Amino acid sequence: ANTGYLSILPVDQGIEHSAGASFAPNPQYFDPANIARLAIEGGCNAVASTFGVLGAVGRQFAHKIPFVVKINHNEFLTYPNKYDQIMFGTVKQAYELGAAAVGATIYYGSAESARQIIEVSQAFALAHEPGMATILWCYLRNPAFKTGGVDYHVSADLTGQANHLGVTIEADIIKQKQPENNGGYNVLNTKENPYGKTNKKVYSELSSDNPIDLVRYQVANCYMGRVSLINSGGASSGATDLGEAVRTAVINKRGGGAGLISGRKAFQRPMAEGVKLLNAIQDVYLAKEITVA
């Protein structure tokens with residue numbers, strides 16, 4: 001608290017990735033109360049989860065830690081797999097269960113993105129009326145973004161533009177994957193298939209191959225940091241999770257970001273270890289030696 005930085009525990013993977021895939025490694029988190037307990041024990045600013053999870057434990061925990069209700073999801077049971085964010089509830093329901101904020105995902109670049117932009121923009125306007133904050137999972141989704149053996153879903157120029165669209169619909173906080181490469185526009189834009197627009201200065205003066213510079217470009221697209229950028233922690237890799245989480249936090253902080261939102265690395269292990277990992281992330285933002293680059 002009172003640092004300007006955020007450490008949020010997100011547990012919406014029971015819908016986004018299936019409950020079995022998410023919670024089988026640590027079945028205690030099938031119980032929503034343990035999700036709230038991990039966020040509290042871990043000293044997080046908030047817990048972000050589904051209507052079902054937070055609604056089930058609202059009376060017990062909503063006054064102990066800020067709730068962020070994720071209002072839309074990719075329903076992951078239709079066969080074959082499809083990827084489309086649909087509303088699971090209303091802003092009014094989120095407010096009534098005691099939420100301090102709502103979260104939503106837009107799959108920018110997908111065929112469904114136009115509808116999602118309208119839905120989420122309207123929901124965020126409603127959330128702001130009673131004073132709730134809004135967090136946008138500002139993701140890219142298009143199979144064409146994987147080309148030549150490179151995944152440009154994590155390209156700084158494409159994620160940066162997604163961020164710029166996200167802050168335009170008045171997201172208070174942008175959640176974005178930390179960039180791993182750059183030049184998505186340059187690869188996707190061809191004479192046969194023109195795509196988007198960019199400028200050569202994006203890749204020379206405004207960014208470089210340094211991961212901190214890539215994050216800095218994401219921050220620049222969040223109205224030069226007027227809207228906070230938090231990076232996602234990513235999937236659990238096992239024994240290397242702690243080191244990966246600390247590295248991600250250092251890059252985010254050095255690039256001008258506002259924090260980390262880390263879920264699977266924390267809850268797919270015993271609670272004491274999850275708390276330790278969350279605290280390690282928070283220590284990065286508390287450390288005065290780690291400064292904005």
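The values are calculated or read from the model by the stated rules, or taken from the named source; none is laboratory data. Note that the structure is predicted; figures quoted are calculated from it, not measured. Virtual Cβ from ideal backbone geometry, glycine too; neighbours counted across all protein chains shown. With ligands, DNA and RNA removed, areas are computed over all heavy atoms of the protein, side chains included. Shrake-Rupley method; radii C 1.70, N 1.55, O 1.52, S 1.80 Å.
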Within segment 81-106, which residues are buried (at least 22 other Cβ atoms within 10 Å of the Cβ) and of a type outside the set (Val, Ile, Thr)?
Gln85, Ala94, Ala99, Gly103, Ala104
Restricting segment 45-93 to residues that are among the aliphatic types (A, V, I, L, M) and part of a loop (DSSP other than H, G, I, E, B), which is farthest from Leu278 (Cα to Cα)?
Leu77
Give segment 211-227 a look and list any residue that's among the hydroxyl-bearing types (Ser, Thr, Tyr) and open to solvent by 40 Å² or more (accessible area, probe 1.4 Å), or say none.
Tyr223
Any chance you could count how many residues in segment 238-252 are open to solvent by 10 Å² or more (accessible area, probe 1.4 Å) and either among the charged types (D, E, K, R) or modelled with pLDDT under 95 (or both)?
4
Given (1) more than 23 Å from Thr105 (Cα to Cα); (2) without any contact (Cβ under 8 Å) to a residue 60 or more places away in the chain; (3) part of a helix (DSSP H, G or I), identify the lone condition not met by Gly20.
(1)
Scan segment 6-27 and tell me whether some residue there is among the aliphatic types (A, V, I, L, M), surrounded by 23 or more Cβ atoms within 10 Å (Cβ to Cβ), at negative phi and out of contact with any Gly (no Cβ under 9 Å at 6 or more places or on another chain).
no
Which condition from (1) surrounded by fewer than 23 Cβ atoms within 10 Å (Cβ to Cβ); (2) of a type outside the set (A, V, I, L, M, F, W, C); (3) within 17 Å of Val47 (Cα to Cα) is the one that Asn231 breaks?
(1)
Could you tell me which of the residues Asn186, Asn193 is assigned to a loop (DSSP other than H, G, I, E, B), open to solvent by 10 Å² or more (accessible area, probe 1.4 Å) and of a type outside the set (Gly, Ala, Ser)?
Asn193
